[in-house]
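Okay, so here's the structure we're looking at.
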Amino acid sequence: MNVSIGFIQPKVRFGNIDYNIERIESLLNSLGSFDLIVMPELVYTGYIFRDRREAIRIAERYGGKIISHIEKISDKYSSAVVAGAPELDDGRIYNSAYIAYKGVVLDTYRKLHLFYREKEWFDPGDKPLKVYDLNGFRLGVMICFDWRFPEVARILSLKGADVIAHPSNLVYDYAYTVALARAVENNVYVITSNRVGTDNRAGMRIRFKGMSQIVSPNMEILYRARKYREDAKTVEVDISIARDKMATKLNHLFKDRRVEFFSPLVETVYVEE
Ligand code: ACM
(Lines give C-alpha, C1' and ligand atoms only; values in the text may rest on other atoms or scores of the structure.)
Protein backbone atom coordinates (compact mmCIF):
# COMPACT_ATOMS: atom_id res chain seq x y z
CA MET A 1 0.00 0.00 0.00
CA ASN A 2 2.25 2.80 -1.25
CA VAL A 3 1.38 6.47 -1.00
CA SER A 4 3.29 9.62 -1.83
CA ILE A 5 3.55 11.99 1.15
CA GLY A 6 5.56 15.14 1.68
CA PHE A 7 5.81 18.79 2.56
CA ILE A 8 6.65 22.22 1.30
CA GLN A 9 8.99 24.58 3.14
CA PRO A 10 8.19 28.08 1.88
CA LYS A 11 9.58 31.44 2.81
CA VAL A 12 6.74 33.28 4.53
CA ARG A 13 6.30 37.06 4.82
CA PHE A 14 4.11 38.26 7.65
CA GLY A 15 0.76 39.65 6.46
CA ASN A 16 1.61 39.31 2.76
CA ILE A 17 -0.97 36.69 1.80
CA ASP A 18 -0.44 37.10 -1.96
CA TYR A 19 3.31 36.61 -1.65
CA ASN A 20 2.81 33.55 0.56
CA ILE A 21 0.33 32.04 -1.91
CA GLU A 22 2.78 32.62 -4.72
CA ARG A 23 5.57 30.82 -2.80
CA ILE A 24 3.24 27.91 -1.94
CA GLU A 25 2.24 27.50 -5.59
CA SER A 26 5.79 27.75 -6.83
CA LEU A 27 7.00 25.01 -4.47
CA LEU A 28 4.03 22.77 -5.27
CA ASN A 29 4.81 23.18 -8.96
CA SER A 30 8.28 21.75 -8.31
CA LEU A 31 6.71 18.46 -7.18
CA GLY A 32 5.02 15.73 -9.19
CA SER A 33 1.76 14.21 -8.02
CA PHE A 34 1.24 13.26 -4.38
CA ASP A 35 -1.37 11.87 -2.00
CA LEU A 36 -0.63 14.19 0.91
CA ILE A 37 1.16 17.49 1.23
CA VAL A 38 1.81 19.20 4.56
CA MET A 39 2.41 22.94 4.81
CA PRO A 40 3.71 24.90 7.81
CA GLU A 41 1.77 26.36 10.72
CA LEU A 42 0.20 29.76 9.86
CA VAL A 43 1.74 29.47 6.39
CA TYR A 44 -0.59 32.00 4.78
CA THR A 45 -0.25 34.78 7.36
CA GLY A 46 3.04 34.52 9.21
CA TYR A 47 3.52 33.82 12.90
CA ILE A 48 4.14 36.83 15.14
CA PHE A 49 0.96 38.85 15.63
CA ARG A 50 0.98 42.17 17.45
CA ASP A 51 -2.03 41.14 19.47
CA ARG A 52 -5.25 39.18 19.33
CA ARG A 53 -7.05 42.00 17.51
CA GLU A 54 -4.57 41.85 14.68
CA ALA A 55 -4.95 38.07 14.41
CA ILE A 56 -8.75 38.46 14.23
CA ARG A 57 -8.52 41.28 11.68
CA ILE A 58 -6.24 39.26 9.39
CA ALA A 59 -8.42 36.16 9.74
CA GLU A 60 -11.55 38.20 8.95
CA ARG A 61 -9.96 39.81 5.94
CA TYR A 62 -8.25 36.81 4.38
CA GLY A 63 -10.01 33.72 5.83
CA GLY A 64 -12.20 33.16 2.77
CA LYS A 65 -9.32 33.57 0.37
CA ILE A 66 -7.15 31.15 2.34
CA ILE A 67 -9.82 28.44 2.53
CA SER A 68 -10.53 28.77 -1.22
CA HIS A 69 -6.83 28.40 -1.93
CA ILE A 70 -6.47 25.28 0.22
CA GLU A 71 -9.47 23.76 -1.56
CA LYS A 72 -8.07 24.75 -4.94
CA ILE A 73 -4.75 23.03 -4.27
CA SER A 74 -6.30 19.81 -2.97
CA ASP A 75 -8.53 19.79 -6.05
CA LYS A 76 -5.73 20.54 -8.50
CA TYR A 77 -3.50 17.78 -7.11
CA SER A 78 -6.42 15.49 -6.26
CA SER A 79 -4.82 14.95 -2.87
CA ALA A 80 -4.97 15.58 0.85
CA VAL A 81 -3.64 18.96 2.04
CA VAL A 82 -2.86 20.06 5.58
CA ALA A 83 -2.14 23.79 5.93
CA GLY A 84 -1.90 26.11 8.91
CA ALA A 85 -4.07 29.24 9.12
CA PRO A 86 -5.96 31.24 11.75
CA GLU A 87 -9.57 30.14 12.13
CA LEU A 88 -12.40 32.36 13.35
CA ASP A 89 -15.46 30.78 14.91
CA ASP A 90 -18.10 32.60 16.92
CA GLY A 91 -15.80 35.33 18.26
CA ARG A 92 -13.02 32.87 18.98
CA ILE A 93 -9.80 32.55 17.07
CA TYR A 94 -7.73 29.40 16.78
CA ASN A 95 -4.29 28.50 15.50
CA SER A 96 -5.62 25.83 13.17
CA ALA A 97 -4.65 23.42 10.45
CA TYR A 98 -7.13 22.96 7.63
CA ILE A 99 -7.50 19.40 6.40
CA ALA A 100 -8.69 19.27 2.80
CA TYR A 101 -9.20 16.32 0.49
CA LYS A 102 -9.85 16.49 -3.25
CA GLY A 103 -11.24 20.00 -3.26
CA VAL A 104 -13.16 20.01 0.02
CA VAL A 105 -12.16 21.13 3.52
CA LEU A 106 -13.05 18.17 5.72
CA ASP A 107 -12.27 19.72 9.08
CA THR A 108 -9.87 21.84 11.10
CA TYR A 109 -7.51 20.83 13.84
CA ARG A 110 -7.25 23.57 16.47
CA LYS A 111 -3.86 23.62 18.18
CA LEU A 112 -4.24 22.24 21.69
CA HIS A 113 -0.95 23.44 23.19
CA LEU A 114 -0.37 27.12 22.50
CA PHE A 115 3.28 28.22 22.67
CA TYR A 116 4.39 31.33 24.58
CA ARG A 117 2.72 34.49 23.21
CA GLU A 118 0.29 32.47 21.11
CA LYS A 119 -1.62 32.46 24.41
CA GLU A 120 -2.19 36.22 23.85
CA TRP A 121 -3.25 35.79 20.22
CA PHE A 122 -5.35 32.62 20.11
CA ASP A 123 -7.89 30.58 22.01
CA PRO A 124 -6.73 27.06 22.90
CA GLY A 125 -8.09 24.25 20.75
CA ASP A 126 -11.45 22.89 21.85
CA LYS A 127 -11.99 19.90 19.57
CA PRO A 128 -11.04 16.26 20.20
CA LEU A 129 -8.14 14.74 18.31
CA LYS A 130 -9.40 13.04 15.20
CA VAL A 131 -8.10 10.78 12.44
CA TYR A 132 -9.18 11.01 8.80
CA ASP A 133 -9.52 7.80 6.78
CA LEU A 134 -8.43 8.82 3.30
CA ASN A 135 -7.72 6.81 0.20
CA GLY A 136 -4.98 4.38 1.28
CA PHE A 137 -3.93 5.96 4.56
CA ARG A 138 -5.22 7.39 7.81
CA LEU A 139 -4.15 10.91 8.72
CA GLY A 140 -3.71 12.59 12.10
CA VAL A 141 -2.74 16.23 12.65
CA MET A 142 -0.90 18.08 15.40
CA ILE A 143 0.63 21.57 15.29
CA CYS A 144 4.16 22.59 16.25
CA PHE A 145 4.43 22.80 20.09
CA ASP A 146 2.11 19.80 20.41
CA TRP A 147 5.36 17.85 19.89
CA ARG A 148 6.23 18.58 23.51
CA PHE A 149 3.18 16.62 24.71
CA PRO A 150 3.60 12.96 23.72
CA GLU A 151 -0.04 12.22 24.49
CA VAL A 152 -1.09 14.01 21.29
CA ALA A 153 0.78 11.75 18.87
CA ARG A 154 -0.12 8.76 21.02
CA ILE A 155 -3.85 9.45 20.90
CA LEU A 156 -3.74 10.07 17.16
CA SER A 157 -1.94 6.76 16.74
CA LEU A 158 -4.36 4.87 19.01
CA LYS A 159 -7.13 6.29 16.82
CA GLY A 160 -5.47 4.68 13.84
CA ALA A 161 -3.22 7.33 12.27
CA ASP A 162 -0.62 5.96 9.88
CA VAL A 163 0.77 9.39 9.14
CA ILE A 164 0.95 12.37 11.49
CA ALA A 165 1.08 15.73 9.75
CA HIS A 166 2.93 18.30 11.87
CA PRO A 167 2.68 21.85 10.48
CA SER A 168 5.24 23.91 12.38
CA ASN A 169 6.97 27.21 13.01
CA LEU A 170 9.64 25.64 15.17
CA VAL A 171 11.44 27.65 17.82
CA TYR A 172 13.24 24.84 19.68
CA ASP A 173 15.52 22.44 17.83
CA TYR A 174 14.59 19.56 20.14
CA ALA A 175 11.52 19.00 18.00
CA TYR A 176 13.52 17.49 15.13
CA THR A 177 14.77 14.70 17.39
CA VAL A 178 11.58 14.29 19.37
CA ALA A 179 9.69 13.61 16.12
CA LEU A 180 11.85 10.49 15.74
CA ALA A 181 10.65 9.29 19.14
CA ARG A 182 7.00 10.04 18.30
CA ALA A 183 7.45 7.99 15.11
CA VAL A 184 9.03 4.90 16.67
CA GLU A 185 6.97 4.77 19.88
CA ASN A 186 3.77 4.85 17.82
CA ASN A 187 5.07 3.16 14.67
CA VAL A 188 3.84 5.95 12.42
CA TYR A 189 5.20 8.29 9.76
CA VAL A 190 5.69 11.88 10.97
CA ILE A 191 5.95 14.79 8.55
CA THR A 192 7.14 18.05 10.09
CA SER A 193 6.70 21.00 7.73
CA ASN A 194 8.63 24.00 9.01
CA ARG A 195 8.80 27.39 7.29
CA VAL A 196 11.76 29.63 6.51
CA GLY A 197 12.00 33.42 6.55
CA THR A 198 12.03 35.88 9.45
CA ASP A 199 9.22 37.44 11.45
CA ASN A 200 10.51 40.60 13.14
CA ARG A 201 7.71 42.47 14.85
CA ALA A 202 5.98 43.20 18.15
CA GLY A 203 9.32 43.03 19.98
CA MET A 204 10.11 39.53 18.78
CA ARG A 205 12.40 38.31 16.04
CA ILE A 206 12.41 34.69 14.90
CA ARG A 207 14.36 33.42 11.93
CA PHE A 208 12.76 30.09 11.08
CA LYS A 209 15.15 27.29 10.18
CA GLY A 210 13.25 24.99 7.88
CA MET A 211 14.82 21.52 8.08
CA SER A 212 11.39 20.00 7.53
CA GLN A 213 11.52 16.24 7.68
CA ILE A 214 9.77 12.99 6.90
CA VAL A 215 10.42 10.27 9.47
CA SER A 216 9.54 6.58 9.10
CA PRO A 217 8.09 4.29 11.79
CA ASN A 218 11.61 2.86 12.08
CA MET A 219 13.01 6.28 12.97
CA GLU A 220 14.71 6.75 9.62
CA ILE A 221 14.86 10.33 8.38
CA LEU A 222 13.60 9.69 4.87
CA TYR A 223 14.33 13.29 3.95
CA ARG A 224 15.44 16.39 5.82
CA ALA A 225 15.12 19.71 4.06
CA ARG A 226 17.64 22.50 3.72
CA LYS A 227 18.31 24.95 6.51
CA TYR A 228 17.07 28.54 6.03
CA ARG A 229 16.18 27.90 2.36
CA GLU A 230 13.00 26.91 0.65
CA ASP A 231 12.50 23.27 -0.20
CA ALA A 232 9.78 20.76 -1.06
CA LYS A 233 9.82 16.98 -1.15
CA THR A 234 7.60 13.96 -1.42
CA VAL A 235 8.56 10.34 -0.76
CA GLU A 236 6.81 7.10 -1.55
CA VAL A 237 6.08 5.16 1.64
CA ASP A 238 4.55 1.80 2.45
CA ILE A 239 1.57 2.28 4.77
CA SER A 240 1.53 -1.42 5.76
CA ILE A 241 4.71 -0.74 7.79
CA ALA A 242 2.77 1.72 9.96
CA ARG A 243 -0.11 -0.75 10.34
CA ASP A 244 2.12 -3.50 11.80
CA LYS A 245 2.32 -2.62 15.48
CA MET A 246 4.39 -5.67 16.48
CA ALA A 247 7.64 -4.43 18.04
CA THR A 248 8.83 -8.05 18.25
CA LYS A 249 7.00 -11.28 17.50
CA LEU A 250 5.82 -11.17 21.12
CA ASN A 251 5.26 -7.44 21.64
CA HIS A 252 2.36 -5.39 20.35
CA LEU A 253 2.96 -1.68 20.86
CA PHE A 254 -0.60 -0.93 21.87
CA LYS A 255 -1.82 -4.21 23.39
CA ASP A 256 1.23 -4.41 25.67
CA ARG A 257 0.47 -1.06 27.31
CA ARG A 258 -0.09 -1.47 31.06
CA VAL A 259 -2.91 1.03 31.14
CA GLU A 260 -3.89 0.02 34.67
CA PHE A 261 -0.74 1.90 35.76
CA PHE A 262 -1.29 4.92 33.49
CA SER A 263 -4.04 6.80 35.33
CA PRO A 264 -1.74 9.74 36.36
CA LEU A 265 -1.64 10.64 32.67
CA VAL A 266 -5.24 11.79 32.74
CA GLU A 267 -5.14 13.51 36.12
CA THR A 268 -4.26 17.15 36.62
CA VAL A 269 -2.23 16.54 39.78
CA TYR A 270 1.55 16.38 39.66
CA VAL A 271 4.46 16.85 42.04
CA GLU A 272 5.40 20.48 41.79
CA GLU A 273 8.84 20.72 43.39
C1 ACM B 1 5.38 26.80 18.07
O2 ACM B 1 4.57 26.06 18.60
N3 ACM B 1 5.09 27.46 16.96
C4 ACM B 1 6.72 26.99 18.63
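The values are calculated or read from the model by the stated rules, or taken from the named source; none is laboratory data. Keep in mind the model is a prediction, meaning the values are calculated, not measured. Backbone-built Cβ (ideal geometry, glycine too); neighbour counts: all protein chains shown. These accessible areas exclude ligands, DNA and RNA; they are computed on the full protein's heavy atoms, side chains included. Shrake-Rupley method; radii C 1.70, N 1.55, O 1.52, S 1.80 Å.
Points worth noting:
- Against the criterion of being free of Cβ contacts under 8 Å to residues at least 24 places away in the same chain, open to solvent by 20 Å² or more (accessible area, probe 1.4 Å), at negative phi and away from the ligand (no atom under 16 Å from the Cβ), Asp89 qualifies.
- Single condition Asn16 does not satisfy, out of (1) touching a Gly at 6+ places or on another chain (Cβ under 9 Å); (2) surrounded by 18 or more Cβ atoms within 10 Å (Cβ to Cβ): (2)
- Residue match in the stretch 168-184 (condition: assigned to a strand (DSSP E or B), within 12 Å of the ligand (Cβ to nearest atom) and either touching a residue at least 60 places away in the same chain (Cβ under 8 Å) or open to solvent by 10 Å² or more (accessible area, probe 1.4 Å) (or both)): yes
- Of everything listed in (1) within 12 Å of the ligand (Cβ to nearest atom); (2) under 30 Å from Asn16 (Cα atoms), the single unmet condition for Phe149 is (2).
- The sole residue among Ile191, Ile155 that is under 16 Å from the mean Cα position of the chain (by Cα), buried (at least 24 other Cβ atoms within 10 Å of the Cβ) and more than 12 Å from the ligand (Cβ to nearest atom) is Ile191.
The rows are residues; the columns are (1) open to solvent by less than 70 Å² (accessible area, probe 1.4 Å); (2) more than 12 Å from the ligand (Cβ to nearest atom); (3) under 17 Å from Thr192 (Cα atoms); (4) hydrophobic (A, V, I, L, M, F, W, C).
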| site | (1), (2), (3), (4) |
| --- | --- |
| Arg117 | yes, no, no, no |
| Asp126 | no, yes, no, no |
| Leu134 | yes, yes, no, yes |
| Gly140 | yes, yes, yes, no |
| Cys144 | yes, no, yes, yes |
